[in-house]
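The values are calculated or read from the model by the stated rules, or taken from the named source; none is laboratory data. Because the structure is a prediction, the values reported are computed rather than measured. Virtual Cβ from ideal backbone geometry, glycine too; neighbours counted across all protein chains shown. These area figures cover heavy atoms from the full protein model, side chains too; ligands, DNA and RNA do not enter into them. Shrake-Rupley method; radii C 1.70, N 1.55, O 1.52, S 1.80 Å.
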Amino acid sequence: EENTRLTTTEESRRIKHDKDVATLNSVSDRIEKDRKAEVEAMANEQFEKLKNQKETWSKHQTNVRSNIKTICQKHIVEFLDKVPFKGEPDNTLKICGEFVIFDAKSPAGDDLTNFPNYLKDQAERAKKYAKQEDVKKDIFFVVPCNTLETLNQYVFNLGDYDVYVISVDSLEQIVLSLKKIESYEFAENLSPEERE
């Protein structure tokens, strides 16, 4: 009788143990699946962010050109599709009889650590434009807004010309300030009545 009771108790303990182990395995599997899904979701989110960032950067040149053309139309500034000098800058405006260059620059990949060095190298190469006749010695590199935080230098003084790193958001203010200079330069040629 004692033996039967112990055997029954042992059997029910073993059944309970097996149930508990099965439940524990089930919970463990569920936690593992949830964790995998969470890691996968984070990876997908990072991938989408990177994809969107690369897409933004690849569209940057088109976006800059479109913005500059719109600003030129709005404020009556001459935009040149073809330049009368050697080279093919992205965007060229004619203000005060000078050609003002706005070159769109964006990172090649997702690693922004090399972007400042890339800009410095491009600034040195911009000499090909600066040495041309009637090209303004201030050249502007237009970069995506989300790259500005990685930069620590926004002006490259390269002797006979300067390169300024600006964002797309500042284009209109810069074009307007350059156009304002144009009005000052021609003011001396106007009669007092015309100045009024």
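Once you've got the GNM for the chain with C-alpha springs shorter than 10 Å, pick whichever of Ser167, Ser106, Ser177 has the biggest mean-square fluctuation.
Maximum fluctuation in the GNM of the chain, among the listed residues, is at Ser177.
Could you give the accessible area per residue of the chain, probe 1.4 Å, as a whole number in Å²?
About 69 Å² of surface per residue is accessible.
Sort Cys96, Cys145, Cys72 by accessible area with a 1.4 Å probe, largest first.
If we order Cys96, Cys145, Cys72 from most to least accessible, we get Cys145, Cys96, Cys72.
Once a ≥ b ≥ c are taken as the square roots of the eigenvalues of the Cα gyration tensor of region 124-182, is the result rounded (a/c under 1.5), prolate (a/b larger than b/c) or oblate (a/b not larger than b/c)?
In terms of gyration-tensor shape, oblate.
For Arg65, Arg35, write out the residues from largest to smallest accessible area, computed with a 1.4 angstrom probe and no ligands counted.
So, going from the largest accessible area down, we get Arg35, Arg65.
Of the heavy-atom accessible surface of region 1-131 (probe 1.4 angstrom), what whole percent is carbon and sulfur?
For region 1-131, the apolar C and S fraction of the accessible surface comes to 50 percent.
Please report the spacing between the Cα centers of region 80-143 and region 1-50 in Å, no decimals.
Centre-to-centre distance over Cα atoms comes out at 62 Å.
Helix 115-125 sits at what angle to the longest principal axis of the chain, using alpha carbons and giving 0 to 90 degrees rounded to 10?
20
What ³J(HN,Hα) values, in whole Hz, does the Karplus curve 6.51 cos²θ - 1.76 cosθ + 1.60 give for region 78-95 when θ = phi - 60°, with x put for Gly and Pro?
Per residue, the Karplus-derived 3J(HN,Hα) values read 6, 9, 9, 7, 10, 9, x, 9, 5, x, 9, x, 4, 9, 10, 10, 10, 9 Hz.
For a quick check: with amide H placed at 1.01 Å from N, whose amide H comes under 5 Å from Ala126's, ignoring anything fewer than 5 positions away on the same chain?
Correct list: empty.
Got a sec? What order do Glu11, Glu133 fall in by accessible area at 1.4 Å, biggest, i.e. largest, first?
So the residues, ranked largest to smallest area, are Glu133, Glu11.
Whose amide H sits under 5 Å from the amide H of Leu158, counting only residues 5 or more places off or on another chain, with H placed in the peptide plane?
Under 5 Å from the amide H of Leu158 lie the amide H atoms of Val163, each far enough along the sequence or on another chain.
How large is Rg over Rh for the chain, taking Rg from the Cα atoms and Rh as the Kirkwood inverse mean of 1/r across Cα pairs?
Rounded to two decimals, Rg/Rh equals 1.50.
With θ set to phi - 60°, apply the Karplus curve 6.51 cos²θ - 1.76 cosθ + 1.60 along region 28-43 and write out the HN-Hα couplings as whole Hz, x wherever there is a Gly or Pro.
Per residue, the Karplus-derived 3J(HN,Hα) values read 4, 5, 5, 5, 5, 5, 4, 5, 4, 5, 5, 5, 5, 5, 5, 5 Hz.
Are there chymotrypsin sites (Phe, Trp or Tyr not before Pro) in region 136-180 that DSSP puts in a loop and that have at most 14 other Cβ atoms within 10 Å, and which ones?
Tyr154
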